[in-house]
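The values are calculated or read from the model by the stated rules, or taken from the named source; none is laboratory data. Since the structure is predicted, the reported quantities are computational estimates derived from the model, not experimental observations. Ideal geometry is used to build each Cβ from the backbone, glycine not excepted, and the neighbour counts take in all protein chains shown. The protein model used for the area step is the full one, side chains on, heavy atoms only, and it has no ligands, DNA or RNA in it. Shrake-Rupley method; radii C 1.70, N 1.55, O 1.52, S 1.80 Å.
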Amino acid sequence: TEIPRLQALYAKYHDQGLEILGISADVDKQALEGMIEYKKIPWPQFFDEENRENRIKQALRVNDLPTQWLIDRKGRLHSTNARSNREETIKKLLAEDSDGR
């Protein structure tokens, strides 16, 4: 699945500035917390306790799960389908950011 791939990218690039934020569509917080612990997910996971429909998912019009986006340090969106060429794009964005461009 995607979690092991994301964990490998996180381990490889986190020290260079890669951050991952999970936005859970789960409705059971305990189940989500159990999965995070079981799979040893190191990045934060947003869980919408107030809205079963998940306000972030609705605001960003995310319909397909999982959805992966790449956003640079300046908040610019680079991909709404981050599975294709993901590692190459991450390396490029981290290099650009480290050069100050």
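Quantify, in whole percent, the carbon and sulfur part of the accessible surface of the chain (1.4 Å probe; protein heavy atoms only). Don't skip to the end; give the middle numbers.
Numbers: 3540 of 7380 Å².
That share works out to 48 percent.
Work through the residues other than N54 whose Cβ is under 11 Å from its Cβ and net out their charges, Lys, Arg +1 and Asp, Glu -1. Show your work: numbers first, answer last.
Details: positive: R52, R55, K57; negative: D26, D48, E49, E50, E53.
Computed value for this residue: -2.
What are the lysines whose alpha-carbon lies under 23 Å from the alpha-carbon of K92, with same-chain residues fewer than 8 places away excluded?
K12, K74
Which of the following values of Rg and Dmax of the Cα atoms in Å was calculated from the structure shown: [x] 15.4, 50; [y] 14.5, 43; [z] 16.3, 46?
Computing Rg and Dmax of the Cα atoms in Å and matching it to [x] 15.4, 50; [y] 14.5, 43; [z] 16.3, 46 gives [y].
HN-Hα J couplings of segment 35-51 from phi, Karplus 6.51/-1.76/1.60, θ = phi - 60°, integer Hz, Gly and Pro as x?
For segment 35-51, the Karplus curve yields 5, 4, 5, 4, 8, 6, 7, x, 8, x, 10, 7, 10, 8, 6, 8, 9 Hz.
Each residue of segment 11-17 in turn: what ³J(HN,Hα) in whole Hz from Karplus with 6.51, -1.76, 1.60 and θ = phi - 60°, glycine and Pro shown as x?
Residue by residue, segment 11-17 yields 4, 6, 10, 4, 5, 8, x Hz.
Give the cross-link partners of K39 among the aspartates and glutamates, using a straight C-alpha distance below 13 Å as the criterion and excluding same-chain residues fewer than 8 apart.
Leaving aside aspartates and glutamates fewer than 8 places away in the same chain, those within reach of K39 are E2.
What is the calculated FRET efficiency for L65 to K40, with r their C-beta to C-beta distance and R₀ = 22 Å, to the nearest 0.05? Walk me through the numbers on the way to the answer.
Values: r = 21 Å, r/R0 = 0.95.
So, using R0 = 22 Å, E works out to roughly 0.60.
Find the accessible area per residue for the chain; the probe is 1.4 Å, ligands and nucleic acids are left out, and the unit is Å².
On the way: 7380 Å² over 101 residues.
In whole numbers, the chain has 73 Å² accessible per residue.
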